[in-house]
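What follows is calculated from the coordinates using simple rules that are stated; it is not laboratory data. Remember, predicted model here, so these are calculated numbers, not experimental data. Every residue, glycine as well, gets a Cβ built from its backbone with ideal geometry; the counts of neighbours run over all protein chains shown.
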């Protein structure tokens with residue numbers, strides 16, 4: 001268990017350095033505009049295939065400030081893993097930001113890998129799965 005936690009902390013440290021030292025998200029493209037006014041973006045340059053699994057960074061820019069654990073959030077960057085043939089997905093890491101387009105301070109991080117789950121039909125997750133698996137191009 002300790003070894004897994006150490007790996008997660010190292011991964012979080014590397015992700016944090018990447019956020020601070022480079023403009024990793026300069027290539028984001030609009031993938032979806034929701035009824036609530038939120039934009040969801042993908043960075044096609046981060047799509048990595050390994051067999052039937054694909055990873056990709058996404059970013060959601062909230063029209064209205066959201067509150068998570070009593071902290072104001074205007075955007076969220078997330079790293080997902082997708083199973084193309086099984087139509088499944090799981091969150092690997094997510095950071096919540098105080099400003100739009102992933103700007104400002106990181107006010108919260110979810111560094112825990114979640115269980116893989118089916119991609120819900122008609123959801124934002126389904127659009128992201130289609131883009132990651134090459135079934136749909138970002139707009």
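Here is how the numbers come out for the structure above:
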read-out: Label-point separation in nm, residue 105 to residue 50, each point 7 Å along Cα→Cβ; value: 3.4
read-out: Peptides ranked, highest mean first, by Cβ atoms within 10 Å: ranges 109-115, 96-102; value: 96-102, 109-115
read-out: Sorted peptide list for 126-136, 45-55, criterion being average Cβ within 10 angstrom, highest first; value: 126-136, 45-55
read-out: Peptide ranges 116-123, 63-70 listed from the most packed, as the mean C-beta count within 10 angstrom indicates; value: 116-123, 63-70
read-out: Contour minus Cα-Cα distance for residue 123 and residue 71 (0.36 nm per residue); value: 16.2 nm
